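Structure, as structure tokens:
The values are calculated or read from the model by the stated rules, or taken from the named source; none is laboratory data. Computed from a prediction, not measured in an experiment: that's the story for all the values here. So basically every Cβ, Gly included, is an ideal-geometry build from the backbone, and we count neighbours across all protein chains shown. Quick note on the areas: whole protein, heavy atoms, side chains included, nothing else; ligands and nucleic acids left out. Shrake-Rupley method; radii C 1.70, N 1.55, O 1.52, S 1.80 Å.
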Amino acid sequence: MDPILKVDNLTKVFSGNGKDDFVAVDHASFELMRGECLGIIGESGSGKTTIVNMISRLLDPTEGTIILDNEDITKASGRELRKVYKKMQMVFQTPQESFDPRCRLGDGIGESLRNNDFSKRDARKRVIELLSECGLSEEFADRYPHQVSGGQCQRAAIARALAIKPSLLICDEATSALDVTIQKEILELLNKLRMEHGEELSILFICHDIALVQQFCDRVLVFYKGRLVEQGTPDEIIRNPKDAYTRRLIDSVL
Ligand SMILES: Nc1ncnc2c1ncn2[C@@H]1O[C@H](COP(=O)(O)OP(=O)(O)OP(=O)(O)O)[C@@H](O)[C@H]1O
Ligand SMILES: [Mg+2]
């Protein structure tokens, strides 16, 4: 089976403005298979967000290629990029960032639908379905982002990301800003969505919390100072880390 995402030699060098340049991501290569949930762990500053920002085209790579669903998107921009975002959606650490504070959640969730030829009425119907899929009642469509809790807003952000049925969902610390019980609920929601969507939904899950990654991911990549130092199933990585850094990372949290 072909991967939904293939990253080859992905590299980001930030210019040091006169001082030394900084290599934030150093020739990373990996694949994400269809229906798979792939975790990325690594200490703060190891390059996790820089990687996903390159994949989601928020940041230009210095070197390397990104193939999404057999298409090279490394340099995608403009109209091409709009096509990319039909296949790939992001959920961020602070869900409020996904929504315009002046718009109701329902309008934010339905935006991509209306941009894709849904009538206002059909978009509203789909928004309510999406809210329900994500565990929120219809009334949330009419609330503003500041009128909901962090967990509810994250549910709405997931509904928004799922609106146009992406093949790849990128979650960058999507549960990190939430308290432990809400974290668990969001993870249960993501798990339910995975069950329902099967091979049609793949997830790239960036997370500080190794225990969450262990529960949720099929495979894990470990990054250290921008380099991919180890990969395997969560059990392989946690029970039998091959790399000394991975061992330290696990010992520090478990
Ligand atoms: N725009 C930028 N210019 C210069 N350096 C940057 C820039 N963005 C990130 N960096 C540096 O790149 C490194 C990797 O940052 P990144 O945000 O990818 O780490 P991370 O693994 O996501 O960390 P965290 O777990 O804290 O979210 C850091 O040292 C950071 O300071
Ligand atoms: Mg980060």
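Matching residues to (1) farther than 25 Å from D179 by Cα; (2) outside any helix (DSSP H, G or I); (3) open to solvent by 90 Å² or more (accessible area, probe 1.4 Å):
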residue: F118; (1), (2), (3): yes, yes, no
residue: R121; (1), (2), (3): yes, no, yes
residue: R126; (1), (2), (3): yes, no, no
residue: E129; (1), (2), (3): yes, no, yes
residue: S132; (1), (2), (3): no, no, no
residue: G135; (1), (2), (3): no, yes, no
residue: A141; (1), (2), (3): no, no, no
residue: G151; (1), (2), (3): no, no, no
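Within the range 17-75, being more than 16 Å from ligand 1 (Cβ to nearest atom) and of a type in the set (G, A, S) holds for S29, G35. For the range 208-222, the criterion of a residue being in contact with an Asp or Glu (Cβ under 9 Å, 6 or more places away or on another chain) and closer than 19 Å to M88 by Cα is satisfied by at least one position.
Quick one: would you say F216 is within 15 Å of ligand 2 (Cβ to nearest atom) and crowded, with 16+ Cβ neighbours inside 10 Å? Against the criterion (within 15 Å of ligand 2 (Cβ to nearest atom) and crowded, with 16+ Cβ neighbours inside 10 Å), F216 does not qualify.
Within the range 10-23, restricting attention to residues that are assigned to a strand (DSSP E or B) and open to solvent by 70 Å² or more (accessible area, probe 1.4 Å), the residue that is farthest from R227 (Cα to Cα) is F14.
Being over 26 Å from R57 (Cα atoms) and surrounded by 13 or more Cβ atoms within 10 Å (Cβ to Cβ) is true of K192. For A244, state whether it is open to solvent by 10 Å² or more (accessible area, probe 1.4 Å) and modelled with pLDDT of 90 or more. Taking the combined requirement at face value, the residue satisfies it.
Across the range 71-107, the number of residues qualifying as open to solvent by 40 Å² or more (accessible area, probe 1.4 Å) and farther than 18 Å from K165 by Cβ comes to 17.
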